[in-house]
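Right, one structure below, let's go through it.
The values are calculated or read from the model by the stated rules, or taken from the named source; none is laboratory data. Just so we're clear, the structure is a prediction, and the values are computed from it rather than from any experiment. Using ideal geometry, Cβ is built from the backbone for each residue, glycine included, and neighbour counts are taken over all protein chains shown. Accessible surface areas use protein heavy atoms only, side chains included; no ligands, DNA or RNA. Shrake-Rupley method; radii C 1.70, N 1.55, O 1.52, S 1.80 Å.
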Amino acid sequence: MAIQYREPSGSGGAPARLTVAPLAERFGVRAVGEVGLTTRAIWESALEGVVRDGRDVCHLEMSAVTFVDVAGAGALVDAARRLSVGRRMVLHAPPPVLCRTLELFWPDQSAIEVSMS
């Protein structure tokens, strides 16, 4: 998977950006930026790649993600639900808003593990 960039056209403020690239040291991706309306397709594409790969554990390095909207969290949960039994996603240092959203709307999602390291 190559690094992907997307910028919305014509919005008033600074455009939202999301960069997704493969991790070098283990299977998974590093995301940088925001997951929202204008960047959701990039997020969903990265998650789809994780689901299709088939490895037992996928690492999502999220320490540089500043925001994930509810739909982005929902996309994460949908991807986790498509994992076969025994597979899981490990979120590394996700933004607090994502953790809170998962706790509120999807508290029993066993295929998603949060690591603050």
Checklist outcome for this item: For the chain, dividing by residue count, accessible area per residue (probe 1.4 Å) in Å² works out to 54
Checklist entry - Taking the Cα centre of each part, how many Å lie between region 61-117 and region 34-60? => result 11
Checklist entry - Which angle from 0 to 90°, rounded to the nearest 10, does the C-alpha axis of helix 96-105 make with the longest principal axis of the chain? => result 60
Checklist entry - How much mean residue ellipticity at 222 nm does the chain get from its helices, if each DSSP H run of length 4 or more adds -39500 (n - 2.57) and you divide by all residues, to the nearest 500 deg cm²/dmol? => result -9500 deg cm²/dmol
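So, with +1 on the Cβ of K and R and -1 on the Cβ of D and E, and no other charges, what is the size of the charge dipole of the chain about its Cα centre, to the nearest 20 debye?
160
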Checklist entry - Extension gain Arg82-Glu113, at 0.36 nm per residue separation less the Cα-Cα distance, in nm? => result 9.6 nm
Next on the checklist: Classify region 25-117 from the C-alpha gyration tensor, please: rounded if a/c falls under 1.5, else prolate or oblate depending on whether a/b exceeds b/c.
Outcome noted: rounded
Checklist entry - So, with a 1.4 angstrom probe, what is the percent of accessible area on the chain that is carbon and sulfur? => result 53
Next on the checklist: Between Leu23, Leu104, Leu76, where does the largest GNM mean-square fluctuation fall for the chain, given springs only between Cα atoms within less than 10 Å?
Outcome noted: Leu104
Checklist entry - Any idea how far apart Arg17 and Arg52 come out in nm if each label point goes 7 Å out from Cα toward Cβ? => result 2.7
